[in-house]
Amino acid sequence: MDETVPEGHLARMKRVGFTIAEKAIESDLIEALNDALARLERDLGAKPAMNGFEGHHTVRIYNLLAHGAPFDAVPVHAAILPIVEGVLDAGCLVSSLSSIAIDPGERAQPIHSDDQIIPLAKPHAPVICNTMWALTDFTEENGATRLVPGTHLKPSPEYGGQYETIPAEMPKGSVLIWMERCGMAGARTAAAGGARASR
Ligand SMILES: O=C(O)CCC(=O)C(=O)O
């Protein structure tokens, strides 16, 4: 195990399928990401995808690594990468980096797991480890990501099923890290909005 991983993160990942690195990211980098995303959204004329999964009031930008700095700092951050490597291994690869900005009026996303389209019998060894960077505070009121603890040890949750969930509440600058097999969903509600994340 990497000595730089704070005690508890990997144990928690194994036990419940996710962990939160609180205020792990420097505020300068968070502000640089927020500024760059606001610029990109404007320059690209980014609009909601208008479907039930990606949302009707949610702006997502994919392939952020194609835009260079400051996005290139995200996958290699020293506070986060060792946790991801502890779940997968040091040879892990980046598959995507995207942003999610959820505005007021959005409906909760269906519960899903990120490995649901991978044809591997469940449960299986982790093949994906995702991170969600909070570029604003995530609270239950503004619709923090919802998680179903322990589902990483069971067959995939039913897509859009009803489960007991908990909100990934975390202050701006924190990072949620989860195994792909963990049931989860974006859950911003009508009263919420303004939550922005880099994933
Ligand atoms: O926005 C969120 O909090 C979660 C998003 C998500 O689960 C997804 O798009 O796959």
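The values are calculated or read from the model by the stated rules, or taken from the named source; none is laboratory data. Model, not experiment: these values are computed from the prediction. Note that each Cβ is placed from the backbone with ideal geometry, even for glycine, and that neighbours are counted across all protein chains shown.
Being modelled with pLDDT of 95 or more and part of a strand (DSSP E or B) is the requirement here; does I20 meet it? Steps first, answer last, please.
On the way: modelled with pLDDT of 95 or more: yes; part of a strand (DSSP E or B): yes.
It is true that I20 is modelled with pLDDT of 95 or more and part of a strand (DSSP E or B).
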> Could you say whether any residue in region 93-102 is out of contact with any Gly (no Cβ under 8 Å at 6 or more places or on another chain), more than 21 Å from T58 (Cβ to Cβ), at pLDDT 90 or above and surrounded by fewer than 20 Cβ atoms within 10 Å (Cβ to Cβ)?
Replying inline: yes
> M184: under 18 Å from E54 (Cβ atoms), modelled with pLDDT of 90 or more and not in a loop (DSSP other than H, G, I, E, B), yes or no?
Replying inline: no
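Where in region 32-151 are the strands (runs of 3 or more DSSP E), entirely inside, with at least 2 residues that are within 19 Å of M179 (Cα to Cα), in contact (Cβ under 8 Å) with a residue 12 or more places away in the chain and away from the ligand (no atom under 11 Å from the Cβ)?
Values: elements: 58-61, 99-102, 129-134, 146-148.
Answer list for region 32-151: 129-134.
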>> If I ask for residues that are more than 13 Å from the ligand (Cβ to nearest atom) and out of contact with any Cys (no Cβ under 6 Å at 6 or more places or on another chain), which ones from region 152-165 would you list?
In response: L153, K154, P155, S156, E158, G161, Q162, Y163, E164
> Inside region 155-171, can you point out the residues that are farther than 25 Å from E85 by Cβ and either within 12 Å of the chain's Cα centre (by Cα) or in a loop (DSSP other than H, G, I, E, B) (or both)?
Replying inline: P155, P157, E158, Y159, G160, G161, Q162, Y163, E164, T165, E169
> When region 109-125 is examined, which residues are found to be surrounded by fewer than 19 Cβ atoms within 10 Å (Cβ to Cβ) and in contact with a helix residue (DSSP H, G or I) (Cβ under 8 Å, 6 or more places away or on another chain)?
Replying inline: P123
> If D137 passes every condition in (1) surrounded by fewer than 19 Cβ atoms within 10 Å (Cβ to Cβ); (2) among the charged types (D, E, K, R); (3) more than 14 Å from I100 (Cα to Cα) but one, which one does it miss?
Replying inline: (3)
